[in-house]
Amino acid sequence: MKRPTLYIFSGLPAVGKTAIARKLSETLKSTYLRIDTIEQGIKDLCFISVQGEGYRLAYRIAKDNLKLGINVIADSCNPWNLTRDEWEQCANECNSDFINIEIVCSDKNEHMERVKNRVSDIPNLNLPSWDDITNRKYEDWTRSRIIIDTAGKMINQSFDELKAKLNLL
């Protein structure tokens, strides 16, 4: 039996990460975990300020699914080496494979326009501003990953590039 895979998406807000992660989840019929949804749910239901709780809860849900042999798509900014380590540890503890995928938008003006025109599909979620995004701590990568640059491309083009890099064509 093939080992399940944890597909770990990373990238700043408004680069196209969620759209591509959703397409991969649909294609692979995988569990889809979105940190924004989990964190906003915790805020709405528990009336608390959320720090790392969303990630911690997502790791647990991911492990439940990986142990059942189900692939998991993890959609989060994943901005620190700490969270990157924890996602990989999650896969390793379940004897699962993992693939790091970083989504970027190398065109600053295009990225800024996406931020300005973005609409939240999660009730009560306040989307970050351009200043929030540019001032966000996002650590440099020190490990292997697939990089998809969405600048100047439609989501389907970026997704086709990802499928090719994952050998899913």
Using r as the Cβ-Cβ distance of Lys153 and Ile99, and R0 as 25 Å, what FRET efficiency do you calculate, to the nearest 0.05? 0.75
Treat the chain as a sphere of radius equal to its Kirkwood radius over Cα pairs and apply Stokes-Einstein at 37 °C in a medium of 0.692 mPa s; give the translational diffusion coefficient in µm²/s, rounded to a whole number. 200 µm²/s
So for R0 = 25 Å, FRET eff. of Asp160-Asp107 from the Cβ-Cβ r, to 0.05, ends up at 0.85
Inter-probe distance in nm under a simple model that places probes 7 Å from Cα toward Cβ, at Gln89 and Leu125: 2.6 nm
Of Lys29/Lys116; Lys17/Lys67; Lys23/Lys163; Lys43/Lys67; Lys2/Lys29; Lys116/Lys153, which pairs sit farther than 20 Å apart, going by alpha carbon to alpha carbon? Lys29/Lys116; Lys17/Lys67; Lys43/Lys67
Averaged over all viewing directions, the convex hull of the alpha carbons in the range 87-155 casts a projected area in nm² of 6.7 nm²
Carbon-plus-sulfur fraction of the accessible area of the chain, 1.4 Å probe, in percent? 51 percent
The rounded separation in angstrom of the Cα centers of the range 10-29 and the range 40-65 is 19 Å
Counting each DSSP H run of 4 or more residues in the chain as -39500 (n - 2.57), what helix-only mean residue ellipticity at 222 nm follows after dividing by all residues, to the nearest 500 deg cm²/dmol? -14000 deg cm²/dmol
Normalised by the number of residues in the chain, what is the relative contact order in percent for Cα pairs under 8 Å and 6+ residues apart? 33 percent
So between Gln51 and Leu82, what do we pick up on full extension, going 0.36 nm a residue minus the alpha carbon distance? 9.8 nm
Filtering chymotrypsin sites (Phe, Trp or Tyr not before Pro) in the range 1-68 by DSSP loop and by at most 11 other Cβ atoms within 10 Å leaves Phe47
Rounded to the nearest whole Å², what accessible area per residue is found for the chain with the 1.4 Å probe? 54 Å²
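The values are calculated or read from the model by the stated rules, or taken from the named source; none is laboratory data. Bear in mind the structure is a predicted one, so any value in this text is a computation, not a measurement. Please note: Cβ atoms are built from the backbone with ideal geometry, for glycine as well, and neighbour counts cover all protein chains shown. Please note that ligands, DNA and RNA were not included when accessible areas were found on the heavy atoms of the full protein model with its side chains. Shrake-Rupley method; radii C 1.70, N 1.55, O 1.52, S 1.80 Å.
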